[in-house]
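Asks: Would you mind keeping the following structure in view while I ask a few things?
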Amino acid sequence: MSIKHGLLALLRKEPKYGYQLRGEFESATGATWPLNIGQVYTTLTRLERDGFVRAASSEGDGRSMYEITDAGRSELAGWFDTPVTRESRPRDELAIKLALALAVPGVDVSAVVQRQRMSTMQSLQELTRLKRTSREAEISWQLVLESMIFAAEAEIRWLDHCEAMLLRHRGKPSGTTSSGTASSGTTSSGTASSGTTSSGTTPSGTTASAVEQEGVRR
């Protein structure tokens, strides 16, 4: 979401002052995207330059009330009608951090994952607490809150997956071929002769994924 489209959406009903837009924006998003008044007026200046808003009136202290134009309404309608693509969203800083941690010698990647999981779990608990105390009438805030809860839950699952991948990577024999198959001790089907069956089950009857998950919990 861009700030400009958020302000256009708030102006759709009636003209407003910059300080009103700031308060309503933060109220609608549950203050998850705080704005300073400078950002608001800078964005309004650009919107006015592009013909999407215009000054409706001015007070003696120089503050202006802004209203949306027909061009602004068309721009806003186009934004609502256009799906948000994955490519248009901000880059995932956490994924980039883990990738760089693997590339830089001396970084304990597992510790990075564990710290992030703990932080995300704490955030999820706080979000869940906020959900219990939110009012039914606050539907816009609830939508934002639910999105954050789902994102936190997905991040925790992804971190578990990352740690399982790290365990598998570390468990590879040193003599692994370029195809990812150990150069010795494997059958033609790619199954370790003394390790795991083709179904991913260890000789003791425990699946490989279960072993990995147990390792993650430890």
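Asks: How many nm is it between the label spots at residue 118 and residue 46, if each spot is 7 Å from the Cα in line with the beta carbon?
Replies: 3.9 nm
Asks: For residue 51, what is the net charge nearby, where nearby means another residue's Cβ is under 14 Å from its Cβ and Lys, Arg count +1, Asp, Glu -1?
Replies: In short, 0.
Asks: Using the Karplus curve 6.51 cos²θ - 1.76 cosθ + 1.60 with θ = phi - 60°, work out ³J(HN,Hα) for each residue of segment 107-116 in order, rounded to whole Hz, and write x for Gly and Pro.
Replies: 3J(HN,Hα) across segment 107-116, in whole Hz: 9, 7, 5, 4, 5, 4, 5, 5, 5, 5.
Asks: HN-Hα J couplings of segment 146-160 from phi, Karplus 6.51/-1.76/1.60, θ = phi - 60°, integer Hz, Gly and Pro as x?
Replies: Rounded to whole hertz, the list is 4, 4, 5, 5, 4, 5, 5, 4, 5, 5, 5, 4, 5, 5, 4.
Asks: Could you check the simple spin-label distance between residue 12 and residue 126, using points 7 Å along Cα→Cβ, in nm with one decimal?
Replies: Between residue 12 and residue 126, the label points sit 3.1 nm apart.
Asks: Summing +1 for each Lys or Arg and -1 for each Asp or Glu, what net charge is found among the other residues whose Cβ lies under 14 Å from the Cβ of residue 124?
Replies: That works out to 0.
Asks: Further question on the same structure: List the residues whose amide H sits under 5 Å from the amide H of residue 17, counting only those 5 or more places along or on another chain, with H placed 1.01 Å from N in the peptide plane.
Replies: 66
Asks: Kindly list the residues of segment 1-36 that lie in the label zone of residue 135, defined by a backbone N under 15 Å from the point 7 Å along the Cα-to-C-beta vector.
Replies: Backbone N within reach: 27-28, 30.
Asks: Now, a different point. Is the shape of segment 1-79 best called rounded, prolate or oblate, per the rule: a/c under 1.5 gives rounded, else a/b larger than b/c gives prolate, else oblate, with a ≥ b ≥ c the square roots of the Cα gyration tensor eigenvalues? Show your work: numbers first, answer last.
Replies: Details: a/c = 1.66, a/b = 1.04, b/c = 1.59.
Because a/c hits 1.5 or more and a/b fails to exceed b/c, segment 1-79 counts as oblate.
Asks: Quick one: length gained pulling residue 81 to residue 93 fully straight, 0.36 nm per residue minus the C-alpha distance? Walk me through the numbers before you get to the answer.
Replies: Values: separation 12, 0.36 × 12 = 4.32 nm, distance 2.82 nm.
The residue 81-residue 93 span can extend by a further 1.5 nm.
Asks: Given contacts defined as C-alpha pairs under 8 Å and at least six residues apart, what's the relative contact order of segment 94-168, whole-number percent?
Replies: 35 percent
Asks: At 1.4 Å probe size, with no ligands or nucleic acids counted, give the accessible surface of residue 96 in Å², nearest ten.
Replies: 80 Å²
The values are calculated or read from the model by the stated rules, or taken from the named source; none is laboratory data. Computed from a predicted structure; not experimentally measured. Because the Cβ atoms are built from the backbone with ideal geometry, glycine has one as well, and the counts that use them run over all protein chains shown. Note: areas computed on protein heavy atoms with side chains; ligands, DNA, RNA excluded. Shrake-Rupley method; radii C 1.70, N 1.55, O 1.52, S 1.80 Å.
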